[in-house]
Each structure stands twice: as structure tokens, then as C-alpha cells.
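Participant: Quick one: the structure is below, and I'll ask about it shortly.
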Amino acid sequence: MNALRRNVLKGTAGAGTVAIAVAAGLLKPTQAMAAWNKAAFEAKNVGDAMKGLGVAGPADSKEIAIKAPDIAENGSVVPVEVTSSIAGTTSIAILAEKNGVPLVGTYNLSGGAEGYISTRIKMGQTSLVRAVVNAGGKSYTAAKEVKVTIGGCGG
Amino acid sequence: MAEPMRIRATMAGDVADVKVLMNHPMETGLRKDAKTGQLVPAHFIQDVTATINGAAVLNADFGTGISKNPYLGFKVKGPKKGDKVVVNWVDNKGDKNSAEATIG
């Protein structure tokens with residue numbers, strides 16, 4: 001576990017260097033990278049990730065259903081399904097709270113897309129899987145614990 | 001790079017159920033190569049967009065926490081059989097891929 005922690009720290013330093021290079025105009029980010037929410041995706045804890053997403057104090061909602069295994073034997077592939085029954089759902093974000101980088105993915109829905117996303121995520125250890133839903137300018141959240149027996153973040 | 005990506009889209013009532021399987025290593029940048037002990041550089045899909053008949057339905061951003069060979073499922077209300085679904089992705093190195101399918 002400590003070795004993994006070391007790696008995470010090293011990774012942080014590396015990512016920082018890239019950020020500085022981008023800021024200094026040494027690297028030209030592609031359009032996709034410009035759109036990619038760097039602050040949120042490089043946040044190392046849930047609070048910062050939420051801040052990066054522009055979410056403050058989301059309300060707990062029973063209208064968000066998270067389907068994920070109670071116990072995941074292999075943390076590198078954990079199937080997660082999020083269904084939001086909240087009317088006017090415009091985006092869904094998925095976070096694995098104890099991952100080195102908690103934010104896993106964000107999904108902006110438009111043009112008739114329903115409040116439903118199915119994916120497979122990596123989990124470093126047992127943790128809550130949290131969904132954050134934006135609907136009608138408000139944020140809602142729900143979480144489900146997934147126990148991980150073998151971590152899947154490269155350790 | 002650009003290995004094929006698989007899409008399947010089927011109508012269930014008035015909702016199109018779209019399933020996409022992308023081929024991508026999704027390296028976090030934190031994993032060490034078993035032989036050399038060096039960190040494998042980060043290489044992961046960052047941006048995924050989906051359109052149906054040219055209209056955007058989904059714009060997803062991925063972090064490094066998405067599993068290797070990402071699976072993505074989503075549902076869209078309204079399209080008809082025969083409509084065209086197009087999915088594009090771009091990764092952090094600027095590699096991109098696109099695939100399309102007809103809703104059946």
C-alpha cells in the first residue's frame with residue numbers, strides 16, 4: 001500500500017509539471033484537452049473534485065439509483081450503472097471516493113438522452129461510489145459502497 | 001492506434017439503448033512497467049461524444065478511473081429505427097477514433 005502511495009505522489013509531481021508547461025504555452029493543448037475539466041479530474045480528494053465540477057452541497061436523493069456489485073473481486077473492472085429519475089437531468093458525474101483521483105467520469109446529456117449511464121470503473125480500494133446529478137440547475141447525489149478485494153489502480 | 005470500436009444500438013419502445021465498447025489501454029500514468037520498473041506514461045481517453053442523426057446526445061469526459069477498454073452504455077428517447085449513431089473519442093495524446101452504427 002505504501003508503494004502505491006509513493007507512486008501516487010510521484011504522479012502528482014508529474015502532472016503538475018505538465019500543467020505548468022501548458023500554462024506557459026510550451027505545450028499546445030488540443031481542443032479536447034481544453035474542454036476537459038482538468039481541475040476536477042486531477043483533484044486528489046472528493047471535495048476538490050466537487051469544487052472542480054462546480055458542485056456545492058448536493059442534496060441526497062433517492063431518485064438516483066446506483067447499480068454496482070456489493071463486493072468487487074477485481075478492482076480494475078467494476079461495473080457501475082447510474083440511473084437518475086430526476087426530471088431534467090442534464091449531467092451525471094461518477095466518483096470513486098477513495099481513488100487517488102476520485103472523479104472517474106462526467107456525462108453531459110442532451111437531445112433526449114435519458115438519465116442513465118452504464119460504465120466500468122477502476123477502484124483502488126473499498127470505497128463509496130458516488131453519483132452527482134445536475135438537474136434544473138440543482139445538484140443531487142447518492143452513493144453506494146463497493147468492497148474491493150484486489151485493488152485495480154496499478155498497484 | 002485506432003483499433004476498431006464496437007457500437008450496438010437497439011430500440012426498446014421509444015428509447016434507443018446504445019452500447020459502446022472502445023479499445024484503449026487507459027493507462028493512469030501511475031502504473032509501473034513490470035520489466036523496467038519505469039512508470040508507464042498516462043494514456044487515456046478524455047473526451048467522448050455521441051450524436052444521433054448529427055444531433056449531440058452525450059458529451060462525456062473520462063478520467064483515469066475508467067477501466068481499460070472502456071464500456072459505455074446510454075439511453076436516448078426519441079430516435080427511430082434506422083437513425084445513425086456516431087461515437088467519437090479523443091485521448092490525452094490526441095489520438096482519436098470514430099465509429100457509427102444504425103439503430104436496429
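Participant: Long-range amide H contacts for A:ALA72: which residues qualify at under 5 Å (H placed 1.01 Å from N, peptide plane, sequence gap of 5 or more or a different chain)?
Facilitator: A:LYS147, A:VAL148, A:THR149
Participant: With the contact rule set at Cα under 8 Å and sequence spacing of 6 or more, what percent relative contact order holds for the stretch A:57-148?
Facilitator: Relative contact order comes out at 38 percent.
Participant: If I stretch the segment between A:LYS51 and A:VAL77 completely, what's the gain in nm (0.36 nm per residue apart, minus their alpha carbon distance), one decimal?
Facilitator: 6.7 nm
Participant: Right, another one. Given the options B:ALA50, B:ALA12, B:ALA42, which has the most mean-square fluctuation in a GNM of chain B, springs set between C-alpha atoms less than 10 angstrom apart?
Facilitator: Of the options given, B:ALA12 has the highest mean-square fluctuation.
Participant: Of A:PRO102, A:ILE86, A:ALA59, which is farthest along the charge dipole of the stretch A:57-148 in the positive direction, counting Lys and Arg as +1 and Asp and Glu as -1 at C-beta?
Facilitator: Selected residue: A:PRO102.
Participant: While we're looking at this one, here's another question. If you filter the stretch B:54-99 for trypsin sites (Lys or Arg not before Pro), then keep DSSP loop positions with at most 12 other Cβ within 10 Å, what is left?
Facilitator: B:LYS80, B:LYS81
Participant: Rounding to the nearest 20 debye, state how big the charge dipole of chain B is about its Cα centre with +1 on each Lys and Arg Cβ and -1 on each Asp and Glu Cβ.
Facilitator: Result for chain B is approximately 240 debye, rounded to the nearest 20.
Participant: I need to check one value: relative contact order of the stretch B:6-102, counting alpha carbon pairs closer than 8 Å and at least 6 residues apart, in percent.
Facilitator: This gives 33 percent for the stretch B:6-102.
Participant: Right, next: Checking an interface number: how much accessible area is buried between B and A, summed over both chains, with a 1.4 Å probe, in Å² rounded to 100?
Facilitator: 2900 Å²
Participant: In debye, nearest 20: dipole of the stretch A:66-155 around its Cα centre with unit charges on the Cβ of K, R (+) and D, E (-)?
Facilitator: Magnitude of the dipole: close to 120 debye.
Participant: Here is a further query. Hey, any idea what the orientation-averaged projected area of the convex hull of the stretch A:57-148's Cα atoms comes to, in nm²?
Facilitator: If I average the Cα hull's projected area over directions, I get 5.4 nm².
Participant: What is the ratio of the Cα radius of gyration of chain B to 2.2 N^0.38 Å, where N is its residue count, to two decimals?
Facilitator: So the Cα radius of gyration is 1.21 times the expected 2.2 N^0.38 Å.
The values are calculated or read from the model by the stated rules, or taken from the named source; none is laboratory data. Only a predicted model underlies this, so the values are computations on that prediction, with no experimental measurement involved. Because the Cβ atoms are built from the backbone with ideal geometry, glycine has one as well, and the counts that use them run over all protein chains shown. Areas reflect the complete protein model, heavy atoms only, side chains present, ligands, DNA and RNA absent. Shrake-Rupley method; radii C 1.70, N 1.55, O 1.52, S 1.80 Å.
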